[in-house]
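As structure tokens, the structure follows; a few thoughts come after it.
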Amino acid sequence: EPTYESYINQGSYAMHTINQHLDNDYDIDVGVLFSKEDLKGKQGADKTALEARKMVCTAMNDDRFKRQPKVLKNCVRVYYDEGHHVDMPVYRTYEEDGELVQELASSGWEDSDPESITTWFNDAVIEQSPDANNGRQMRRVTRLKKKWTNSRKSWNMPSGFIISVLVD
């Protein structure tokens with residue numbers, strides 16, 4: 001299968017809002033980018049979003065894992081014995097009308113720009129934090145809110161991304 005072109009650190013890992021998890025279940029997000037031209041089937045047709053995720057999952061299978069990687073709706077999840085996991089969203093890129101297009105392999109191929117989300121958050125942190133200590137105030141507040149939302153397993157709380165938006 002093709003080799004990925006590049007990768008994107010994204011989510012709480014890229015925004016520096018990751019918290020120490022009580023059960024050691026850290027969620028690290030690293031997207032893998034492929035050229036659309038490289039994601040072709042045997043007959044030359046474009047791979048579907050599901051086929052692309054399955055391709056990455058197959059490449060990540062390794063007998064040394066106690067729990068094999070799993071294809072999810074928006075990523076491939078790789079489980080590590082230490083308790084954390086890495087979510088690997090799969091993207092394809094191509095140029096259209098002189099613009100770079102980036103699409104996430106989800107239910108289908110969906111326009112996506114995770115780097116702009118990280119840029120938005122990091123810019124907001126600088127703009128809204130009166131200090132530069134310990135990662136800046138807005139980042140600290142985001143970490144605290146995320147920690148609070150995860151403090152009770154029975155709670156059904158918004159995602160870390162939604163918490164970040166609400167803090168902003």
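The values are calculated or read from the model by the stated rules, or taken from the named source; none is laboratory data. As the structure is a prediction and not an experimental result, all values here were calculated from the model. Cβ atoms come from the backbone with ideal geometry, glycine included; neighbour counts cover every protein chain shown. Areas reflect the complete protein model, heavy atoms only, side chains present, ligands, DNA and RNA absent. Shrake-Rupley method; radii C 1.70, N 1.55, O 1.52, S 1.80 Å.
Numbers below:
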{"read-out": "From THR118, THR142, THR149, residue being open to solvent by less than 30 Å² (accessible area, probe 1.4 Å) and closer than 27 Å to MET55 by Cβ", "value": "THR118"}
{"read-out": "Tally of residues being touching a Leu at 6+ places or on another chain (Cβ under 8 Å), among the charged types (D, E, K, R) and open to solvent by less than 40 Å² (accessible area, probe 1.4 Å) across region 19-52", "value": "1"}
{"read-out": "Criterion: closer than 30 Å to ARG152 by Cβ, out of contact with any Asp or Glu (no Cβ under 9 Å at 6 or more places or on another chain) and of a type outside the set (S, T, N, Q) - qualifying residue of TYR7, TYR80, TYR13, TYR26", "value": "TYR80"}
{"read-out": "Odd one out for ASP63, checked against (1) at pLDDT 95 or above; (2) farther than 30 Å from VAL141 by Cα", "value": "(1)"}
{"read-out": "Residue ID - nearest to the chain's Cα centre (by Cα), chosen from residues in region 57-100 that are open to solvent by less than 80 Å² (accessible area, probe 1.4 Å) and among the acidic types (Asp, Glu)", "value": "ASP87"}
{"read-out": "Evaluation of ASP23 against (1) over 21 Å from LEU72 (Cα atoms); (2) modelled with pLDDT of 90 or more; (3) of a type in the set (D, E, K, R) (one fails), failing number", "value": "(2)"}
{"read-out": "Any chance GLU103 is assigned to a strand (DSSP E or B), among the charged types (D, E, K, R), in contact with a Lys or Arg (Cβ under 8 Å, 6 or more places away or on another chain) and closer than 26 Å to ALA49 by Cα", "value": "yes"}
{"read-out": "Residue identified as in contact with a strand residue (DSSP E or B) (Cβ under 9 Å, 6 or more places away or on another chain), charged (D, E, K, R) and outside any helix (DSSP H, G or I) among GLU95, GLU82", "value": "GLU95"}
{"read-out": "Region 129-163 - residue that is over 20 Å from the mean Cα position of the chain (by Cα), among the polar types (S, T, N, Q) and farther than 13 Å from ASN19 by Cβ and, of those, modelled with the lowest pLDDT", "value": "ASN134"}
{"read-out": "ILE126 being under 19 Å from the mean Cα position of the chain (by Cα) and open to solvent by 40 Å² or more (accessible area, probe 1.4 Å)", "value": "no"}
{"read-out": "When residues of region 58-79 are limited to those that are assigned to a strand (DSSP E or B) and among the basic types (Lys, Arg), the one nearest to ASN19 (Cα to Cα)", "value": "ARG77"}
{"read-out": "Where a residue in region 140-157 is over 16 Å from GLY11 (Cβ atoms) and its partner, wherever it lies, is open to solvent by 100 Å² or more (accessible area, probe 1.4 Å) and not in a loop (DSSP other than H, G, I, E, B), with Cβ under 6 Å and at least six apart", "value": "none"}
